[in-house]
Structures are given as structure tokens and as C-alpha cells.
Amino acid sequence: MVGTQQQPLQVLNALDVAKTQWYHFTAIVIAGMGFFTDAYDLFCISLVTKLLGRIYYTVPGSPTPGILPPNVSAAVNGVAFCGTLSGQLFFGWLGDKMGRKKVYGMTLMMMVLCSLASGLSFGHTPKTVMGTLCFFRFWLGFGIGGDYPLSATIMSEYANKKTRGAFIAAVFAMQGFGILAGGLIAIVISSVFRARFPSPAYAVDPAASVPPQADYVWRIILMFGSVPAGVTYYWRLKMPETARYTALVAKNAKQAAADMSKVLQVEITEEQGKSLEEMSGENDSDETSDSMRTRRHESQYGLFSSEFVRRHGKHLLGTTMTWLLLDIAFYSQNLFQKDIFTAVGWIPKAKTMSAIDELFKIARAQTLIALCGTVPGYWFTVGLIDIIGRFWIQIVGFFMMSAFMLGLAIPYEHWTTSGNQIGFVVMYAFTFFFANFGPNSTTFIVPAEIFPARLRSTCHGISAASGKIGAIIGSFGFLYLAQNPDPAKTDHGYPPGIGVRNSLFLLAGCNILGLLFTFLVPESKGKSLEEMSGENESNRTSV
């Protein structure tokens with residue numbers, strides 16, 4: 001008995017060995033601009049929360065500027081993550097049922113509309129403005145959630161196996177530019193308004209420190225997220241369905257061959273594109289046909305089957321847990337780094353600044369971190385992932401994040417003393433560098449490579465949704481945990497917490513756990529998607 005691979009998979013082999021072409025880069029830009037928008041929309045809210053507190057929650061006569069109440073702050077920061085989690089699960093499942101292309105435009109249009117609506121949040125009271133803002137940010141997150149599994153799956157199914165990791169990483173690396181753009185846009189907008197409408201510090205004149213025009217500032221920053229998404233909408237609709245979905249899920253390898261011949265400029269013959277049904281009909285042996293039908297039936301196991309658990313159960317556990325643990329640490333840092341900067345004195349006390357001055361300085365600090373730590377980390381991954389491999393980048397990333405967080409936490413009193421704040425910021429930037437040259441990139445890449453085509457988008461969505469549970473824990477939990485243990489030193493309205501130092505110890509522990517769960521995830525460097533998922537075995541027949 002000799003095993004021979006079914007002919008329809010020749011179209012997939014053509015994709016695996018295809019030379020890097022212009023269309024690959026086009027796909028990176030089209031998918032990547034979605035991630036640029038995702039990151040901008042998710043992280044720009046952390047830039048404007050202090051401003052929102054001053055505009056809507058300042059108490060007349062208070063010695064300090066207003067801040068968002070704990071429940072409002074948690075809702076504004078976390079509601080988009082709740083929407084993202086829901087969108088990842090829903091659109092991940094829908095991408096496997098309807099196809100990647102059909103669903104891809106829906107997610108982008110939701111992002112465009114809800115970005116605009118977030119900036120137009122209406123009402124005359126703080127409660128109505130915050131309520132409508134949260135409503136639209138939930139649905140913004142829902143659209144963003146769909147972008148995760150679809151972009152990753154589309155890029156992995158278009159790429160050749162030699163550079164697949166770099167291509168998927170390049171899509172995800174656009175997230176770094178999105179974070180950077182959020183800071184830069186906030187700097188530009190705040191600079192323009194600061195020059196046009198100068199205002200004194202809160203300590204000098206509390207009422208005048210928040211000019212009426214400040215209400216436009218946060219709205220413009222939020223609405224700008226619709227621009228990059230809208231620009232790429234047309235090109236998303238023009239992308240053909242991926243060959244792997246067409247051949248392996250829709251069972252039409254001939255159409256897959258025709259699509260890929262056009263976009264990759266690779267000659268794929270009609271013989272190579274025959275459908276599974278045509279190929280099985282060429283052999284009249286009842287025994288062989290029965291064997292093929294049996295093997296094909298066995299290969300169509302579902303997500304909740306014992307066969308899936310046997311083949312991919314530990315892989316799914318590994319991808320979900322590593323993403324969950326990474327995002328607890330990553331989003332805690334990213335969303336609340338402005339609070340850490342204030343705690344170590346890198347951003348002045350709020351009462352010494354006007355509302356727009358404070359926004360400018362928060363944006364400048366976050367932009368510096370993005371420029372020095374976040375963006376380079378992503379592109380180190382792009383350059384090295386197909387050389388070092390996913391496994392070692394993730395292991396080293398988790399380890400170094402733990403080391404730098406402990407380096408911040410253990411001598412925390414040293415970092416908070418005058419003259420040492422710059423050292424703290426440098427150490428903090430390194431944790432972002434190794435998050436992005438590490439698990440923040442690899443947890444996105446690997447789920448798009450190791451699961452079967454008919455479940456790939458679904459499993460990526462589950463893994464990503466697990467990460468967003470971590471983001472919710474981070475954004476809600478760290479808000480309270482990082483409060484000073486002394487009730488007299490907590491932010492207004494917050495109960496005492498465990499402090500920034502102990503919170504950093506907890507985050508380091510999450511990273512160590514993430515390192516251990518990495519051992520459940522297989523290395524996919526240099527292997528075809530069918531080899532990783534076991535679909536090659538399902539397309540072999542006995543002759």
C-alpha cells in the first residue's frame with residue numbers, strides 16, 4: 001500500500017512555494033491598515049480619559065481636577081474590549097462558515113461608522129455623554145474583534161511557507177504604528193488647541209483651565225480612527241477568497257487555482273485545480289472509493305469532537321492561555337502607563353497643568369514609549385520570526401518581560417526618587433519591546449497556522465477572545481489594584497489597592513505562567529499549513 005497525495009492540493013503547494021510578489025505586500029497593507037485602525041481605536045481612549053474627567057467630572061472648589069469615577073473609567077476603558085471579545089468569537093465562526101472575503105468588509109465598515117459615532121457621542125449631562133460613548137465603543141470593539149481572526153487567517157492562507165511568519169507579523173506590526181499614530185495625532189490636536197486657546201493651570205484658575213473648546217479635542221482624536229479604515233475599504237472588497245478556503249472548505253480547488261493564478265501570476269493548470277469530487281470519480285474501485293469516503297468523513301471532525309481534542313486540544317489550550325496571560329500584562333501597562341508616569345513624577349501633578357497641557361504631556365510620554373519600545377519590537381519579530389521561530393521568540397519574550405517587570409518592582413522606591421525617573425521609563429520601554437518582539441506578536445501568528453482550514457478562523461477567534469478576557473482583567477483590575485494602599489493617597493472615589501509595585505509583581509507572575517504554557521504550542525516555522533493542521537493526512541489515499 002503506497003500513500004499518494006491527492007492532486008487538488010497542488011494548488012496549495014503552489015501557494016507554499018510561490019515567490020514573494022507584489023500581491024503579498026498589497027495584502028499586508030490591506031489587512032494591516034485594519035490593525036492600524038484597531039490599535040488606534042483601542043488605545044487612543046487612554047489618552048483622553050484624563051481630559052474627559054476634567055470636562056465632565058470637575059467638582060467646583062476641589063483642590064484637584066476632576067477625574068472619571070471608578071465605574072465610569074472602568075466602563076470607558078473596558079467596554080471596547082467586551083465588544084472585541086464578542087466580535088472575535090462571532091466573526092471568527094462566521095469566517096469559517098461564509099468565507100473570509102464575505103465577512104471581511106463587514107468588520108471594516110463597522111469600525112468606520114462606530115469611530116465616527118464615538119466622537120459624536122451626544123447628550124447634555126456626563127451620564128448621557130459617557131453612556132453613548134460606551135455604547136458606540138462596544139460596537140466599535142465588535143468590528144475590531146472580527147478583524148483579528150480574519151486578517152490573520154487571510155494572510156496565513158495567502159503566504160508562502162518560507163516567509164509566512166514575517167507576513168503575518170507585518171500585518172500585526174501595523175498595530176505598533178496605530179499606537180504611535182494615536183499619540184502623534186493627540187500631540188498635534190492638543191498643540192493646535194493649546195496655541196489657539198491658551199489656558200492657565202488648574203491651580204491658578206480651575207474654571208479657565210478647561211476651555212470650552214476642549215470638548216472638541218477628544219472627539220476629533222476618536223473620530224480620526226475612521227480615516228485609515230475608510231481608505232482601505234474598497235481594496236478589501238476586491239480581494240478574492242483565499243485558495244485554502246475555496247479548496248479545502250468549499251471543495252472547489254478548480255476555482256481556487258483560477259483565483260490564485262490571477263493574483264500570484266503563477267501558472268496553475270486546470271488538471272491541478274480539479275475538485276475533490278472529480279478526482280474521486282476517476283477511480284472506479286469500490287474499495288478505494290469507500291476508503292476515500294471513510295477517510296474524508298473522519299477528517300471532518302468538529303470543534304467539540306473527541307478527535308479535535310486528541311489532535312489539537314492541547315494546542316488550543318496553549319494558544320488561549322498564552323494570549324490570556326500576555327494580555328493581562330500588556331493591556332495593564334498600555335492603558336495605564338500614564339498613571340505610572342505620574343506616580344514616578346515623569347508627568348507633572350495634574351493641578352499644575354491645564355486640561356489640554358495634560359493631554360499633550362500624556363500623549364508625548366506614550367508616543368516616546370511607542371517609538372522606542374513598541375514599534376521596534378514588532379519589526380524585530382518581522383525580521384527574525386522565520387529564522388528563530390515562533391517558539392523561541394515567545395519564550396524569550398515572556399522571560400524578558402518578567403525580568404524587566406521585576407527590575408521595576410524590586411527597587412521601586414529607587415525609581416520613584418528624584419533623578420531616576422528616566423531610568424524607570426527606559427526599563428518600562430524594554431518591557432514593551434520584549435512584549436512585541438515576543439508573545440504579543442507570536443500569540444497572534446501561531447493560531448492562524450496550526451488549526452485545520454475549516455476551523456482556523458474559529459480557533460483564532462477563540463484564542464484572541466481569550467486574550468481579550470486578559471485585557472478586560474488588566475484594564476478593570478489594574479485600575480483598582482494599582483491604587484495606593486494608604487486610603488488618604490488613593491485617587492478620588494477609589495478604594496485602597498496594593499500599589500503599583502505589588503501590581504508589577506503580579507504582572508511578572510502572569511508572564512512566567514505564559515512562558516510555561518508556551519510549551520503546549522508547536523513550532524510552525526517552515527512548515528505548510530496542511531502539515532501543521534494534519535490536513536495532508538486527510539488527503540492521502542491508498543492505492
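The values are calculated or read from the model by the stated rules, or taken from the named source; none is laboratory data. Model, not experiment: these values are computed from the prediction. Neighbour counts are summed over all protein chains in view; Cβ atoms, including those assigned to glycine, are modelled from backbone coordinates with ideal geometry. SASA here: full protein model, heavy atoms, side chains in, ligands and nucleic acids out. Shrake-Rupley method; radii C 1.70, N 1.55, O 1.52, S 1.80 Å.
Summary of computed values
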read-out: Yes/no for Met155 being part of a helix (DSSP H, G or I) and open to solvent by less than 30 Å² (accessible area, probe 1.4 Å); value: yes
read-out: Residue match in segment 375-396 (condition: under 30 Å from Val204 (Cβ atoms), modelled with pLDDT under 95 and charged (D, E, K, R)); value: no
read-out: One residue from Gly99, Gly78, Gly119, Gly92 being more than 18 Å from Ile220 (Cα to Cα) and surrounded by fewer than 20 Cβ atoms within 10 Å (Cβ to Cβ); value: Gly99
read-out: Considering residues of segment 355-398 that are among the basic types (Lys, Arg) and more than 18 Å from the chain's Cα centre (by Cα) only, the residue most open to solvent (accessible area, probe 1.4 Å); value: Arg364
read-out: Which listed residue is within 18 Å of the chain's Cα centre (by Cα) and touching a residue at least 24 places away in the same chain (Cβ under 8 Å), from Ser199, Ser191, Ser151; value: Ser151
read-out: Conditions (1) more than 30 Å from Glu535 (Cβ to Cβ); (2) open to solvent by less than 10 Å² (accessible area, probe 1.4 Å): number failed by Arg244; value: (1)
read-out: For Ser62: the one exception among (1) in contact (Cβ under 8 Å) with a residue 40 or more places away in the chain; (2) buried (at least 24 other Cβ atoms within 10 Å of the Cβ); (3) not β-branched (Val, Ile, Thr); value: (2)
read-out: Residue match in segment 203-213 (condition: in contact (Cβ under 8 Å) with a residue 12 or more places away in the chain, of a type in the set (A, V, I, L, M), surrounded by 20 or more Cβ atoms within 10 Å (Cβ to Cβ) and more than 30 Å from Arg100 (Cα to Cα)); value: yes
read-out: Lone qualifier among Gly407, Gly423, Gly419 - being free of Cβ contacts under 8 Å to residues at least 60 places away in the same chain and in a loop (DSSP other than H, G, I, E, B); value: Gly419
read-out: Test result for Thr84, surrounded by 24 or more Cβ atoms within 10 Å (Cβ to Cβ) and touching a helix residue (DSSP H, G or I) at 6+ places or on another chain (Cβ under 9 Å); value: yes
read-out: Ala482 vs. criteria under 23 Å from Arg164 (Cβ atoms) and among the aliphatic types (A, V, I, L, M); value: no
read-out: Pairs where the first residue, in segment 448-466, is at negative phi and the second is open to solvent by 10 Å² or more (accessible area, probe 1.4 Å) and among the polar types (S, T, N, Q), C-beta under 7 Å, 6+ apart; value: Ile462/Thr320; Ser463/Thr320; Ser466/Thr320
read-out: Matching option when the condition is under 24 Å from Ile154 (Cα atoms), open to solvent by less than 20 Å² (accessible area, probe 1.4 Å) and at pLDDT 80 or above, among Gly225, Gly273; value: Gly225
read-out: Test result for Thr107, in contact with a Lys or Arg (Cβ under 6 Å, 6 or more places away or on another chain), assigned to a helix (DSSP H, G or I) and touching a residue at least 40 places away in the same chain (Cβ under 8 Å); value: no
read-out: Residue among Asp16, Asp38 that alone is more than 16 Å from the chain's Cα centre (by Cα) and part of a helix (DSSP H, G or I); value: Asp16
read-out: Filter result (open to solvent by 10 Å² or more (accessible area, probe 1.4 Å) and closer than 27 Å to Ile462 by Cα) within segment 44-59; value: none
read-out: Single match in Leu455, Leu507 (criterion: at pLDDT 85 or above, touching an Asp or Glu at 6+ places or on another chain (Cβ under 8 Å) and open to solvent by less than 40 Å² (accessible area, probe 1.4 Å)); value: Leu455
read-out: Matching residues, segment 215-226, being assigned to a helix (DSSP H, G or I) and under 19 Å from the mean Cα position of the chain (by Cα); value: Leu222, Ser226
read-out: Hey, Thr458 hydroxyl-bearing (Ser, Thr, Tyr) and in contact with a Gly (Cβ under 6 Å, 6 or more places away or on another chain) or not; value: yes
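Conditions tested, residue by residue: (1) open to solvent by 20 Å² or more (accessible area, probe 1.4 Å); (2) without any contact (Cβ under 8 Å) to a residue 12 or more places away in the chain.
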position	(1), (2)
Thr431	no, no
Ile469	yes, no
Phe476	yes, no
Leu481	yes, no
Pro487	yes, yes
Leu516	yes, yes
Phe519	yes, no
Ser528	no, no
